[in-house]
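The values are calculated or read from the model by the stated rules, or taken from the named source; none is laboratory data. Treat the numbers as computed from the prediction; the structure is a model and nothing was measured. Virtual Cβ from ideal backbone geometry, glycine too; neighbours counted across all protein chains shown. What goes into the accessible areas is simple: the full protein's heavy atoms, side chains included, and nothing from ligands, DNA or RNA. Shrake-Rupley method; radii C 1.70, N 1.55, O 1.52, S 1.80 Å.
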Amino acid sequence: MSAAEGPLVVGVDTSTQSTKALVVDASTGEVVASGQAPHTVTTGAGRESDPRQWWDALCEALRQCGDAAHEAAAVSIGGQQHGLVTLDEHGEPVRPALLWNDVRSAPQAQRLIEELGGPKAWAERTGSVPGASFTVTKWAWLAEHEPEAVRATRAVRLPHDYLTERLTGLGTTDRGDASGTGWWASATEAYDAETLAHVGLDPALLPRVVRPGEVAGTVRDSHDLPFSKGTLVAPGTGDNAAAALGLGLRPGTPVLSLGTSGTVYAVSRHRPADPTGTVAGFADAHGDWLPLACTLNCTLAVDRVAALLGLDREAVEPGTSVTLLPYLDGERTPNLPNASGLLHGLRHDTTAGQLLQAAYDGAVHALLGALDLVLDEDADRTSPLLLIGGGARGRAWQETVRRLSGRPVQVPEAKELVALGAAAQAAGLLTGEDPAAVARRWNTAAGPVLDAVERDAATLSRISGVLSDAAPLLERAPENR
């Protein structure tokens with residue numbers, strides 16, 4: 001038995017490349033056990049994963065947690081957003097899940113925007129203008145390219161929904177993750193009948209949207225996990241909303257997350273509706289809103305450049321006028337789904353380290369450009385940026401964000417914030433607290449603050465200029481895709 005002060009809870013992060021599980025003391029926030037197991041993702045034009053791998057990875061991650069997982073009184077699952085999971089009448093995947101970074105549905109996204117009133121109408125109805133990441137565009141792509149899969153589908157789920165349903169036997173989701181589908185209307189907080197009818201998706205195939213603080217179900221008898229029957233299961237949520245819970249965010253505090261994708265977001269009391277599509281008007285997991293901008297290319301793209309150059313990811317060198325737009329997977333912010341990477345300004349004296357620094361600059365540029373749109377007008381533009389995600393502890397990432405933002409940067413010491421946010425949500429079921437208040441009690445955002453430095457406006461201007469001038473190239477689909 002554990003020596004925890006309070007009941008134990010489990011928080012899960014089922015991300016793009018792995019599933020992580022934390023067993024957390026609900027009283028203190030202490031992580032008493034953890035585990036992690038990988039997934040595989042296809043390469044090429046599409047990005048797909050077999051959802052059954054997520055379940056196997058969850059089983060393995062919890063096995064690594066040992067007896068502590070068996071003691072847990074509640075569990076919650078945070079997961080990668082947007083992914084389209086199609087299930088047959090037996091609850092088995094019809095085909096591999098189409099992931100958030102699969103951009104093949106870009107033509108369908110553009111067509112749906114035009115057919116349902118244009119960007120402004122979409123923003124007013126759903127809070128967002130759908131791009132290729134959004135689930136509704138993936139369903140439209142599937143209907144066009146694999147109609148037999150659509151005919152075989154008896155349930156449509158998001159990644160975190162799939163795992164939650166395997167725990168409880170009930171089809172549920174939450175407002176945070178539902179808000180990234182494109183068929184959930186933020187104005188009414190309900191599925192949008194017009195959108196569903198237009199794409200031919202029967203609302204009966206969709207999960208029930210569980211309210212914040214509501215119990216989604218209990219762990220059923222038939223499962224392979226070390227939970228006791230009757231263990232409470234929280235609604236879960238999307239990864240960014242879970243990380244916001246994990247940080248205990250208050251409105252107006254900006255977050256920059258450096259992971260497979262890069263995101264900037266902040267909690268807001270106001271429902272977002274950006275007709276430019278730069279800011280996605282997501283809901284958060286506890287009743288407010290989470291305006292967010294996302295780039296597809298972040299740590300993986302920069303690491304790929306480092307590998308091509310034969311450098312360690314920290315081996316950057318200053319003093320460059322070279323510009324590298326690392327759009328290796330297309331891009332979402334700016335909306336360039338067909339783009340590939342672009343290098344400009346190469347000279348005889350350009351070093352490999354300067355090229356690597358240019359990749360960092362290019363990745364951070366788009367995120368900072370969206371930050372002012374994410375924040376409410378009355379937000380404090382001088383408060384520290386909370387830097388989280390896999391890249392947050394990298395010195396090169398920290399210094400690039402400081403130099404290009406001109407703001408102080410705080411790096412929370414807590415790791416695995418998505419799983420911690422899910423754990424806080426599970427703890428809230430037991431204590432009746434707001435999960436964000438639970439995380440603040442756990443002091444998850446504590447960490448060193450790096451002082452502000454003078455903003456490198458010249459580099460930002462140079463990158464913006466290259467981006468503007470190169471627009472025709474970046475909008476052109478590569479011939480070999």
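At a glance:
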item: Condition check for Leu474: surrounded by 14 or more Cβ atoms within 10 Å (Cβ to Cβ), of a type in the set (A, V, I, L, M, F, W, C) and either touching a Gly at 6+ places or on another chain (Cβ under 9 Å) or under 22 Å from Val255 (Cα atoms) (or both); result: no
item: Any hit, region 201-215, residues being assigned to a strand (DSSP E or B), without any contact (Cβ under 8 Å) to a residue 40 or more places away in the chain, closer than 16 Å to Ala74 by Cβ and in contact with a strand residue (DSSP E or B) (Cβ under 9 Å, 6 or more places away or on another chain); result: yes
item: Qualifying residues in region 19-30 (those that are open to solvent by 20 Å² or more (accessible area, probe 1.4 Å) and without any contact (Cβ under 8 Å) to a residue 60 or more places away in the chain) - the one farthest from Gly6 (Cα to Cα); result: Glu30
item: Test: residue in region 80-92 that is open to solvent by 10 Å² or more (accessible area, probe 1.4 Å), in a loop (DSSP other than H, G, I, E, B) and in contact with a strand residue (DSSP E or B) (Cβ under 6 Å, 6 or more places away or on another chain); result: yes
item: Residue that is surrounded by the fewest Cβ atoms within 10 Å (Cβ to Cβ) [pool: residues in region 175-191 that are under 19 Å from the mean Cα position of the chain (by Cα) and farther than 18 Å from Ala285 by Cβ]; result: Trp183
item: Qualifying residue in region 431-445 (condition: at pLDDT 95 or above, part of a helix (DSSP H, G or I) and among the β-branched types (Val, Ile, Thr)); result: yes
item: Single residue of region 219-242 satisfying the filter (in contact with a Gly (Cβ under 7 Å, 6 or more places away or on another chain) and at pLDDT below 95) that is most open to solvent (accessible area, probe 1.4 Å); result: Arg220
item: Members of region 330-341 that are of a type in the set (A, V, I, L, M, F, W, C) and either modelled with pLDDT of 90 or more or in a helix (DSSP H, G or I) (or both); result: Ala339
item: Qualifying residues in region 364-378 (those that are touching a Ser or Thr at 6+ places or on another chain (Cβ under 7 Å) and not acidic (Asp, Glu)) - the one nearest to Asp312 (Cα to Cα); result: Val364
item: In region 93-106, the residues that are touching a helix residue (DSSP H, G or I) at 6+ places or on another chain (Cβ under 8 Å) and either charged (D, E, K, R) or modelled with pLDDT under 95 (or both); result: Arg95, Asp102, Arg104, Ala106
item: Considering residues of region 31-49 that are in a strand (DSSP E or B) and open to solvent by less than 60 Å² (accessible area, probe 1.4 Å) only, the residue nearest to Asn338 (Cα to Cα); result: Glu48
item: Residue check for Arg52: in contact with a Ser or Thr (Cβ under 8 Å, 6 or more places away or on another chain), of a type outside the set (A, V, I, L, M, F, W, C), outside any strand (DSSP E or B) and at pLDDT 95 or above; result: no
item: Counted residues, region 342-380 - those being modelled with pLDDT under 90, in contact with a helix residue (DSSP H, G or I) (Cβ under 8 Å, 6 or more places away or on another chain), more than 18 Å from Arg462 (Cβ to Cβ) and open to solvent by 30 Å² or more (accessible area, probe 1.4 Å); result: 0
item: Residues satisfying the stated conditions in region 271-292, i.e. assigned to a loop (DSSP other than H, G, I, E, B), farther than 15 Å from Thr188 by Cα and not acidic (Asp, Glu); result: Pro275, Thr276, Gly277, Thr278, Val279, Ala285, His286
item: Residues that are closer than 22 Å to Ser15 by Cα, open to solvent by 10 Å² or more (accessible area, probe 1.4 Å) and basic (Lys, Arg), drawn from region 138-174; result: Arg157, Arg166
